[in-house]
Amino acid sequence: MRIGGVIVEGPAQEVLVLPRGEQTLVIRAKAINLDGFDTLCPEPKPPGKLTKDGWIPDVGDKNYQQILNTHNEKRIAYLIVNSLEPSEIEWDTVKLDDARTWANYVADFKAAGLTTIEINRIAQCVMQANSLDESKLEQARKVFLLGQAQALKESSGQVIAPETTPSGEVVNG
């Protein structure tokens, strides 16, 4: 697929390099689509009651709120472990096909010796890969406008249109 002449190939990616003494850990995160999560873990439905006006959901139900919080935690864990796929991480307890293990990414990172700050930076890298913030958009605009200005300088045609153009002889009616 092309958009404005630009070939679109794959999802956005971010790279994080963590210094580890003589070595560096290179963390690659890619943007993912959450359709797979929605298939594996459908959003919970709130309880409710049937009234003369129809079904009224009780979104304030404490059990529903707890289930919803657990669902949202699984969504974040799914996003993190699946976005990190390009990093080729060999997880100790995370199984990509088992939703109950996704949140173990924190324990696996800690067991490997990563600090809380490093784990937070990895999560931030994942979020950056999966979002657009104003700084990214501004940078893209600057690059685009710089390219437009460069193309204009290289053009052999007129830079601006003349304010007036000469006309031919007066036509007699």
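The values are calculated or read from the model by the stated rules, or taken from the named source; none is laboratory data. Here the structure is a predicted model, which is why all the values come from computation and not from measurement. Cβ: placed from backbone, ideal geometry, glycine included. Neighbour counts: every protein chain shown. Note: accessible area is taken over every heavy atom of the protein model, side chains too, but ligands, DNA and RNA are not part of it. Shrake-Rupley method; radii C 1.70, N 1.55, O 1.52, S 1.80 Å.
Each residue in region 55-91 was checked for being in a helix (DSSP H, G or I), touching an Asp or Glu at 6+ places or on another chain (Cβ under 9 Å) and aromatic (Phe, Trp, Tyr), and 1 of them qualify.
Is it the case that region 20-30 has a residue that's out of contact with any Leu (no Cβ under 7 Å at 6 or more places or on another chain), at pLDDT 95 or above and of a type in the set (Lys, Arg)? Yes, region 20-30 has at least one match.
Yes/no matrix, rows are residues, columns are (1) touching a residue at least 24 places away in the same chain (Cβ under 8 Å); (2) of a type outside the set (A, V, I, L, M); (3) under 19 Å from Gly10 (Cβ atoms):
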residue	(1), (2), (3)
Thr24	no, yes, no
Leu34	yes, no, yes
Pro57	no, yes, no
Asn63	no, yes, no
Pro86	yes, yes, yes
Asp97	no, yes, no
Arg121	yes, yes, no
Leu132	no, no, yes
Leu137	no, no, no
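Total residues in region 101-117 satisfying the condition of being open to solvent by less than 70 Å² (accessible area, probe 1.4 Å), assigned to a helix (DSSP H, G or I) and either within 14 Å of Leu25 (Cβ to Cβ) or modelled with pLDDT under 95 (or both): the figure is 2.
Only residues that are of a type in the set (A, V, I, L, M, F, W, C), closer than 17 Å to Cys41 by Cα and either in contact with a Leu (Cβ under 8 Å, 6 or more places away or on another chain) or open to solvent by 90 Å² or more (accessible area, probe 1.4 Å) (or both) were counted in region 51-69, giving 1.
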